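Take a look at the structure below.
The values are calculated or read from the model by the stated rules, or taken from the named source; none is laboratory data. Source: prediction; values computed, not measured. Neighbour counts are summed over all protein chains in view; Cβ atoms, including those assigned to glycine, are modelled from backbone coordinates with ideal geometry.
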Amino acid sequence: MSAAPIIRPSSPTSRIWVGTSGYSYAEWVTAGFYSPGTQPGKMLGAYAQHFSVTELNFTWYQMPRADSLQRMQQQVSPDFRFTAKLNRSLTHEVDSDQWRGQANQYRDGISPLMQSGQLLAVLIQLPNKFDRSAANRKYLAGLLDALAGLPLAIEFRHESWATDRVFTELENRRITLVCVDTPKISGLFPGVDVVTNPDLFYVRFHGRNVRGWRSGNMQHQFDYDYSTDELQDWVDNRLNSLISQAGNGVMFFNNHVRAQAPRNAVSLIQLLRQQR
C-alpha cells in the first residue's frame, strides 16, 4: 500500500493529515499491520508507506536528541510530517528547580524537525489531575512562555479547563487546543470543537471504552475499534466546523491496542477521499 496522500478539503490551501499516535508497537506485527519479523528500527519506514504523518510518543518517555531525530528523518520523505509529545518532565513529573533547563533541552533536541519544516506541533499532554488551580495556571503560563516560538498544541484532561477564558488565552498565544474523542466520563475534558489557532486544528481519537478508561490499564484504556458509522458521523457533523476555523489539521488515532489505530486511520482517509 502506498503512502496516503495529504487530504485536501474544499479550500485549495487547506490540508488534513491523518495518522496514528506512535508507530512502534510489537503487537502491530502480530496484528498484521507490519510484515512478520519487522524490527522496531524499521517500523517508521514501513509506517511511512501508509501514512504521511505521525505523532511521536517516545519524546514523552525520553528527551529528544537531535542526532536521533536526524536518523529518523532519513527514513521518510521530506514531505512527511511529525508532531511530538512534550517530555513528561515538563507535564507529569515536574521538578520546580529543573523544568526550565529541561524545556531548553527539549527545544534543542527537537530542532532538526523545526529546521526542516516537518514539525507541525509539540503536543503538551497534561495529566488528569492537572486541574485549573492557581498554582497550575501559573506553571502552565510559565511553560508556554518557555516554549514560545515552537508550534504548540495542548491537550487538557481535566474538565475545569473547558472555559472561554482559557480558550481566549490560547487564541491570544496562537496555541492549538486539542479536540479529543474520549468516553463521556464525569470530570474528563469534553470533546469541544473549539479552534484556538487558525493555522492548525488537532484531533486525537482515544476510543470510547468507558470501562477500560476507568481501569487505569493502558492496554484496556485504549482498546477500542471505531465503527465506520462513528467515523462517518465525525466527518459529517464535526469535521466541517474545524475546517471552517483552521487552514490545516491533524487527526491521530491513539487506540493502538491490536492495531485498531492504523486500521481506523485508513478508514477515515477513505471517508475523507469520498467527500473531499
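Is it true that some residue in segment 21-29 is at pLDDT 95 or above and more than 19 Å from PHE252 (Cα to Cα)? Scanning segment 21-29 turns up at least one residue that is at pLDDT 95 or above and more than 19 Å from PHE252 (Cα to Cα).
Applying the criterion of being touching a residue at least 60 places away in the same chain (Cβ under 8 Å) and out of contact with any helix residue (DSSP H, G or I) (no Cβ under 8 Å at 6 or more places or on another chain) to the residues of segment 48-76, the residue that is nearest to ARG107 (Cα to Cα) is GLU55. When segment 94-130 is limited to residues that are under 20 Å from the mean Cα position of the chain (by Cα) and of a type in the set (D, E, K, R), the one that is modelled with the lowest pLDDT turns out to be LYS129. In segment 195-207, the qualifying residues are those that are assigned to a loop (DSSP other than H, G, I, E, B) and crowded, with 17+ Cβ neighbours inside 10 Å, and the one that is modelled with the lowest pLDDT is GLY207.
Just so you know, in segment 93-115 the residues that are among the hydroxyl-bearing types (Ser, Thr, Tyr) and outside any loop (DSSP other than H, G, I, E, B) include one that is surrounded by the most Cβ atoms within 10 Å (Cβ to Cβ), and it is TYR106.
Give segment 123-147 a look and list any residue that's over 22 Å from SER186 (Cα atoms) and of a type in the set (Ser, Thr, Tyr), or say none. Result: TYR139, single match.
Answer yes or no as to whether HIS50 is in a loop (DSSP other than H, G, I, E, B) and either among the basic types (Lys, Arg) or over 24 Å from ASN136 (Cα atoms) (or both). Criteria met by HIS50.
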